[in-house]
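Derivation of every value follows stated rules applied to the coordinates shown; laboratory data play no part. None of these values were measured; they are calculated from a predicted model. With ideal geometry, Cβ positions are generated from the backbone for all residues, glycine too; neighbour counts draw on all protein chains shown.
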Amino acid sequence: MNDALLDLNMFEDSYEKCLKCNACVASCPVTGATLDFGGPKHMGPELKRLIDNQQVIDDKRIEYCTLCGNCDLSCPEDVHISTLTTYAKAIHTEKHGSSFRDFVLSNAELVGKMASAFAPVTNTAMKMKPMRQVMETVMRIPKERKFPKYKFKNFNRSFANKVHGSKRKVAYFVGCYAMYNAPEVAESFVKVMNFNGIEVVKPRQKCCGVPMLANGRLKQARKNAAFNIDSLLEYTRKGYDVVTTCTSCGLALKKEYLSIDGSDKAKELAAHVYDADEYLRMLKDNGELNTHLAPMKQKVGYHAPCHMRAQGMGTPAMDILELIPGFNIYDLGAGCCGQCGTFGFKKEKYGISMKLGRTMAESVKNLDADYTVTECGMCKNQLDQLTDKEVRHPMQILAESYERAKQLQTV
Amino acid sequence: MYDVVVIGQGLSGMLAAIWARGEGKRTAMIMSGAGKIMQSTGVLDLIPGSRGTLDEWMKQYPFHSENKADVLQAVAKFKALTRELGYPYNGDVREPVPVVTGSGHIKETALYPDTVTPVPDRGHAVVVGFQELPDFQPLFISKNLQKERPLMTVDAIRIPLGEDSQRVLTQLDAARLLDQKEVRARCLRRISGQLADKGISQADFFVFPSSLGNEAWAQTLKQFSEGLGARVTEAPGMPPNATAIRLNDRLKLKAIRSGVRLYADTTVTGADIEKNHIRSVRVRMANRATDVAGRQFVLATGGILGGGLEVTPDGIRETALHLNTDGDGRPMNPPDNLFLAGASGGRQLTRHGIVGGVYSLVSSYASVFGLRKTVAGGMAK
């Protein structure tokens, strides 16, 4: 037997605790939307029970798993279901191979670098109907699907490390989205940190690996994990906290690396990782947060990304944004957006993606707020596709409030 | 810092969190897993596995008889909440009714949604199963029901839902299929066909899996009862029961939308207790542990089945806060800002492993609003 497959087979015995209670099945967004998916219980603990110490089984129904992690949230026995489905995906890709499309989609970083370098061309081309028709025919990427724009002036180009010796120091894990698509989010985060007197550095980093895991490219994800762990530990060991503005990157550093890397170093790193809002909330709890925020009289809907909820930290974005005077923020409670990273870019999944997104779109419509706020770039992509409200990242709002407060002070 | 920190996300925890938030309290709910509503039948019993009356229940649990009005008020508040959520519960705790379960046995229950209809003594009942759904066996159910209801005529039929599936269907899957009007119409035609084949001319009670629609339960109920010209009921059994999932999903959405902060997939591993007063609880997340501070705490972690209590060779251990407990797992001298909701109060509260939905809702109500004499404290004060 192939060594790689044996390797895939040796991890994880949490499946033994599965009582088949179906809580994961009832909580899985994709299971609710299609009968083509095997469901988290069958694709996770039951498949693992079947193949543990036996011949590896490749089950193509795993293609429908988005790795949103709602199964993990629902399991009363703490079975690591999404870890098991991650391995089922890896087995499938190992045996079946990756399509060119899935290879491209899972390479968010490489695509980001290239698309950013030719940003005006890329963005225009992605809007051209003949181009999209070709993409649909050749790559099975639906022509109706909106894509995030790429920015030429990406965060790599605009940011330079400045060290001035603040008490708290942040090593910023930017992530591909804020790096290449939404440098304004990264810039806002740096501003927010600076308003709190905290220096920000950008360590060497690669894609967190989540898009790779979602497409069964476990080996590549492990390589990226190992690189990021080593790179970030250099900082945490010097007293830096690692902070993310992308909730999927955050989940990878906090949780996924513990299962796909599993080393003591992965554990050491995870303990120092914060979501940006979580970090600010921690500063507030310690009385260190700059609360000089200008009022913003707005009604805002909050969409909680699955990978935010999976971090088990409450809803820090709302906790922080509620500190802005006059700011009214409401949790849409819409569940999964249906974009699910690369999932929603795939022709054969597009119908499910839209079906899932409908609930979210309805809740946005019903609330009828001034705009929507979410941390996740992919949720934003789906919101952009399905709603007519502007979508902002919490850091953009905070930066604006801090800046206005500063202006008011100087006037 | 929260006003109220609820530990546990079953019926007790969810209600305590929603009601505390409704009182304007900043509320957090610490959750390990989806909570036991998911695995429940979705109907709320008085004394599980028993045909006891409200007076017997009040003696057993125990409540002082003068608290009866408070108990009824708590029940009324629960019913009002379910109406607000678009999934109204019926029933009277003073008059429990017989309902049929997914095994065909009859149990008494106090509160139940519109999709559940009390089972009559006589008449002609037909148990309808779906071929794709192995968790609900109509023949087995009909034989058990016949034993329980000797004066009744009970038949069983089985129809295909007729949708291609790549997995074995659950009751919830069937419920989601029945959300579609065409699927319902097709089912009705197939039921009529089967009834004709069996020479059943007029049945007056139809027993279905706990699958009568998920979102569109009201339409399903209407279309089936009108189409069949008879009363219909869900018989909750193997989870996931749509009867329970509807309640769970609506309560959770209510908690989220009203601003309860959900700490999902976390575990409380201890507390910072000073002078018998909890300052914060230790919460283990995926990557590290953190302290969640609060003014008041509700322990709604469940009993032995729910994982709030654990049987060890040295006795029963309370798993979240590590409180000292007596032989039944009842916390002794609990902290002054801690309220016990549901089965976390000790093994003496459970019957056949569960505490019963009515006690869950009444104790949650008590932890938020306080009942005279029975439970110390109450957050409203």
Checked against the positive end of the charge dipole of the stretch A:224-369 (+1 on Cβ of Lys and Arg, -1 on Cβ of Asp and Glu, about the Cα centre), the farthest of A:Leu258, A:Gly351, A:Leu367 is A:Gly351
Round to the nearest 10 and give me the degree value, 0 to 90, for the angle of helix A:183-195's Cα axis relative to the longest principal axis of chain A. 50
Of all DSSP beta bridges with both partners in the protein assembly as shown, the antiparallel percent, nearest 5, is 35
Quick one: go through the stretch A:149-187 and flag any residue whose amide nitrogen is under 18 Å from the point 7 Å out along the Cα-to-Cβ line of A:Val121. A:149-154
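Could you tell me what a quarter of the Cα convex hull surface of the protein assembly as shown works out to, in nm² with one decimal place? Each step should come with its number before you reach the end.
Numbers: hull surface 143.1 nm².
The Cα convex hull of the protein assembly as shown, projected and averaged over all directions, gives 35.8 nm².
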Could you tell me which of rounded, prolate or oblate describes the stretch A:217-341, using a ≥ b ≥ c as the square roots of the eigenvalues of the alpha-carbon gyration tensor, with rounded for a/c under 1.5 and, failing that, prolate when a/b is larger than b/c and oblate otherwise? oblate
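Note down the magnitude of the dipole of chain A about its Cα centre, charges +1 on Lys and Arg C-beta and -1 on Asp and Glu C-beta and zero elsewhere, to the nearest 20 debye. The partial results should precede the final answer.
On the way: 56 positive and 47 negative charges, 284 e Å.
Roughly 1360 debye for chain A.
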Hey, what number do you get for chain A at 222 nm if only DSSP H runs of n ≥ 4 count, each worth -39500 (n - 2.57), divided across all residues, to the nearest 500? -13000 deg cm²/dmol
Signed unit charges on C-beta, dipole axis of the protein assembly as shown, positive-most listed residue B:Ala300, B:Ala175, B:His322: B:Ala175
Here FRET efficiency (C-beta to C-beta, B:Asp272 to A:Glu348, R₀ 51 Å, nearest 0.05) is 0.50
Residue-normalised 222 nm signal for chain B, counting each DSSP H run of n ≥ 4 as -39,500 (n - 2.57), nearest 500 deg cm²/dmol, is -9500 deg cm²/dmol
Shape verdict for the stretch A:356-396, please, from the Cα gyration tensor: rounded (a/c under 1.5), prolate (a/b greater than b/c) or oblate. oblate
The distance between the Cα centres of the stretch A:146-197 and the stretch A:334-406, in whole Å, is 21
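Which percentage, to the nearest 5, of the DSSP beta bridges contained in the stretch B:79-208 is antiparallel?
Working: 7 of 18 bridges.
Beta bridges within the stretch B:79-208, antiparallel portion: roughly 40 percent.
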Cα-based Debye curve of the stretch A:298-410 sampled at q = 0.22 Å⁻¹ gives log₁₀ I(q)/I(0) of -1.20
Between helix A:276-285 and chain A: long-axis angle, C-alpha atoms, 0 to 90°, nearest 10: 60
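Looking at chain A, send over the antiparallel percent of its DSSP beta bridges, to the nearest 5. Mind dumping the intermediate values first?
Working: 0 of 21 bridges.
Roughly 0 percent of the beta bridges in chain A run antiparallel, per DSSP.
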If the cut-off is 16 Å between C-alpha atoms, which lysines fall inside it for A:Lys143, apart from same-chain ones fewer than 8 positions away? A:Lys127, A:Lys129, A:Lys346, A:Lys347, A:Lys349
Principal semi-axes in Å for the stretch B:1-102 [√(5λ), Cα gyration tensor, largest first]: 25, 18, 14
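Rg(Cα) of chain B divided by 2.2 N^0.38 Å?
Against the compact-globule rule of thumb, the ratio is 1.04.
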Name the residue from A:Asn194, A:Gly97, A:Met179 whose Cα lies farthest towards the positive end of the charge dipole of chain A, charges +1 on Cβ of Lys and Arg and -1 on Cβ of Asp and Glu. A:Met179
The ratio Rg/Rh over the Cα atoms of chain A, Rh being the Kirkwood inverse mean 1/r radius, stands at 0.96
For the pair B:Thr53 and A:Ala271, what calculated FRET efficiency results from E = 1/(1 + (r/R0)^6), where r is the Cβ-Cβ distance and R0 = 51 Å, to the nearest 0.05? 0.40
Three principal axis extents, largest first, for the C-alpha atoms of the stretch B:261-381, in Å? 40, 37, 28
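For the stretch A:3-96, count all C-alpha to C-alpha pairs, find those more than 24 Å apart, and express that count as a whole percent of the total.
Numbers: 554 of 4371 pairs.
Across the stretch A:3-96, Cα pairs with separations above 24 Å total 13 percent.
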Whole number please: convex hull volume per residue of the Cα set in the stretch B:304-348, in Å³? 69
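Which whole number in µm²/s is D for the stretch A:132-189 by Stokes-Einstein, with the Kirkwood Rh taken over Cα pairs at 10 °C and 1.306 mPa s?
Reported coefficient: 114 µm²/s.
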What's the average, rounded to a whole number, of partner chain beta-carbon atoms within 10 Å of each residue's beta-carbon in B:8-14? 0
Simple Cβ-charge dipole of the stretch B:185-229, Lys/Arg +1 and Asp/Glu -1, about Cα centre, in debye nearest 20: 160
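Measure up A:Lys267/B:Lys252; A:Lys162/A:Lys255; A:Lys355/A:Lys389; A:Lys191/A:Lys365; A:Lys202/A:Lys255 against 23 Å on the Cα-Cα distance and list the ones that go over.
A:Lys267/B:Lys252; A:Lys162/A:Lys255; A:Lys191/A:Lys365
Near A:Met179, within a Cβ-to-Cβ distance under 13 Å, what is the net charge of the other residues, with Lys and Arg +1 and Asp and Glu -1?
Once all neighbours under 13 Å are counted, the net charge is +4.
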Compute the helix-to-body angle for A:218-236: its Cα long axis versus the longest principal axis of chain A, expressed 0 to 90° and rounded to tens. 30
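So if I place +1 on the C-beta of Lys and Arg and -1 on the C-beta of Asp and Glu, and nothing else carries charge, what would the dipole magnitude of the stretch A:3-96 be about its Cα centre? I want it in debye, nearest 20. Mind showing how you got there, number by number?
Working: 9 positive and 15 negative charges, 66 e Å.
With only Lys, Arg, Asp and Glu charged at Cβ, the dipole is about 320 debye.
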How high is the relative contact order of chain A, in percent, counting Cα pairs under 8 Å that sit 6 or more residues apart? 15
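Within 11 Å, Cβ to Cβ, of A:Ala225, how many net charges do the neighbouring residues add up to if Lys/Arg are +1 and Asp/Glu are -1? Each step should come with its number before you reach the end.
Numbers: positive: A:Lys206, A:Lys219, A:Arg222, A:Lys223, A:Lys265; negative: A:Asp230, A:Glu256, A:Asp261.
In short, +2.
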